Amino acid sequence: MSDVKIPKRITTALLNSLGSGVTPRIGLEYIAVGRKNEIETLLNDLANIKEGGSVFRLIVGRYGSGKSFLLQIIRNYAMERGYVVADADLSPERKLCGNKGQGLATYRELIQNMSTKVRPDGGALSSVLEKWIAQIQMDVMKELNLTASDPAFAAQVELRIYQVINSMEAMVHGFDFAKVLTAYWEGCKTGSLEKKNSALKWFRGEYSTKTEAMSELGVRIIIDDSTWFDYIKLMSLFVRRIGYNGFIVLLDEGVNLYKISNTIARNNNYEKLLTIFNDTMQGRSSGLGIYLCGTPQFVEDTRRGLFSYEALKSRLAASRFLKDGLRDMQSPVIYLDRISNEEIYVLLLKVLDIHQQHYGYTSTVTEDNLISFMKAATKRIGADELLTPREIVRDFIGILNILQQRSDITFADLLGGDLFKTSGRSGELEDDFDDDSAEFTL
């Protein structure tokens, strides 16, 4: 058993997540293996975003190949390094655009899941605004030697707040964004909780009519399905102006755009994705990182995938001069290869250690057992290329659970039994869209 003591709440989350085939939100550092090149690329992205650049990347891989795990790695790294992060899973109700507000639903989910280092579980919008105002007040006190009761204090704080706000008014929808920031400050200044809540409601995209927003905040514009990405760009600019390094947006389950059956609706979403791609890559946004996960079919299918939309295909297709085995890690599209058998072996050792720590026992599983398990898993799935961490870890945790519960059963009994031979699924994953919500990988 490892000398590294893992808190019980983390081992619980890890085993529950891994055992059910989903990506853990916490404790990733205890199970991370491989993906060295991809992580180096993502860290380089963060450095560019910190300098005011913007990045768009598609992370592409089969179900269970590592997409969701990589997104969580980005999320944790970014928060630790002083970025604001927002994430959402696309679904039939959350797309990039739609005739029933599906784009706005995605925006609302992103803002709801907005996180920082001090608020890693979402809901960070109010704390970001509070921190901004509190920091300005502290700076005024230190630099001008004023106290909160000094008559000049409020005027100086307001002056600095308006310096941030006024710099945003020239951007698309910047005037209204700035006006709502002003309303939030006025709520803080006067102690009006109602005013502050109205401003937060507007930023979260929860106003359904312009009339309501006008009566409560004095703005004639609300965030809607067609404009939500403009406000993502404004938010990225704002968080950089108030001291954060940038704004990272993570979108998982991109395959849900591929699933849209209506051609016009699907192409409208691809058109919105093209706009997001262009605005990010052409320098029309500042300090913004967009990461979208999807399967190879979602990208490469010329009938329904992104490559069916010629403008996207011309931007995302790999260079014709790349030979087999070569990858351009600076391309907008990052394809995830299967992690090696050695890396899977290390992963199983980590999972075994977590299982022992969680249940407080010493396992009898040997290195030979692990190798036998990997061989059996490969044989069951049918092809070495189809072996994914999600599949193998889920089966492995199931075996560990049984061994821990039943002392009369051996590892060899389970490997040779009908339970293991028929458990899980095989290469049908590629065509089973309904399983995308159970994404896990390393």
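Any read-out appearing in this document is the output of simple, stated calculations on the displayed coordinates, not a laboratory observation. Bear in mind that the values here come from a model prediction, so they are computed numbers and not experimental data. Neighbour counts run over all protein chains shown; Cβ positions are idealised from the backbone, glycine included.
Kindly rank 144-153, 194-203, 259-268 from highest to lowest mean number of other beta carbons found within 10 Å of each residue.
Values: 144-153: 11.1, 194-203: 19.1, 259-268: 13.7.
Highest mean packing first, the order is 194-203, 259-268, 144-153.
If contacts are Cα pairs under 8 angstrom and at least 6 residues apart, what is the relative contact order of the chain in percent?
On the way: 649 pairs, mean separation 124.1, N = 442.
Once normalised by length, the contact order is 28 percent.
Could you point to the residue in Val55, Ser167, Ser208 farthest towards the positive end of the stretch 37-338's charge dipole, with +1 and -1 charges on the Cβ of Lys/Arg and Asp/Glu respectively?
Farthest towards the positive end: Val55.
Quick one: if you stick a label point 7 Å off each Cα along the C-beta vector at Ala134 and Lys117, how many nm between them?
Inter-label distance under the simple model: 1.5 nm.
Need the list of lysines near Lys195 for cross-linking: C-alpha distance under 22 angstrom, and skip anything on the same chain fewer than eight residues off.
Partners within reach: Lys131, Lys179, Lys210.
Using all alpha carbons of the stretch 37-338, what is the percent of pairwise distances in each 10 Å bin, ordered from the shortest bin to the longest?
Per 10 Å bin, starting at zero, the Cα-Cα P(r) for the stretch 37-338 comes out as 6, 26, 33, 21, 9, 4, 1, 0 percent.
So between Val22 and Phe153, what do we pick up on full extension, going 0.36 nm a residue minus the alpha carbon distance?
Gain on extension, Val22 to Phe153, equals 42.1 nm.
Find how much the distance from Gln404 to Glu271 grows on full extension, using 0.36 nm per residue of separation minus their present alpha carbon separation; answer in nm with one decimal.
Values: separation 133, 0.36 × 133 = 47.88 nm, distance 5.24 nm.
Once the chain is fully extended between Gln404 and Glu271, it gains 42.6 nm.
Among DSSP beta bridges lying fully in the chain, give the percent that are antiparallel, nearest 5.
Within the chain, antiparallel bridges account for around 5 percent of the total.
Taking Lys313 as the anchor, which lysines have their alpha carbon closer than 27 Å to its alpha carbon, excluding any fewer than eight residues away along the same chain?
In chain and number order, the partners are Lys67, Lys95, Lys233, Lys259, Lys272, Lys323.
In Å³ and rounded to a whole number, note down the convex hull volume per residue for the Cα atoms of the stretch 154-216. Numbers along the way, then the final one.
Numbers: hull volume 5.0 nm³, N = 63.
Hull volume over Cα atoms, normalised by residue count, gives 80 Å³.
Let me spell out the model: positive unit charges on the Cβ of Lys and Arg, negative unit charges on the Cβ of Asp and Glu, origin at the Cα centre of the stretch 37-338. What dipole size does that give, in debye rounded to 20?
My answer is approximately 460 debye.
Over what distance in Å are the Cα centres of the stretch 185-202 and the stretch 64-92 separated?
31 Å
Work from the charge dipole of the stretch 37-338 (Cβ charges, +1 for Lys and Arg, -1 for Asp and Glu, about the Cα centre) and give the residue of Ala317, Val255, Gly64 farthest towards its positive end.
Farthest towards the positive end: Ala317.
Using label points projected 7 Å from each Cα along Cα→Cβ, tell me how many nm separate Met214 and Lys5, to one decimal.
6.3 nm
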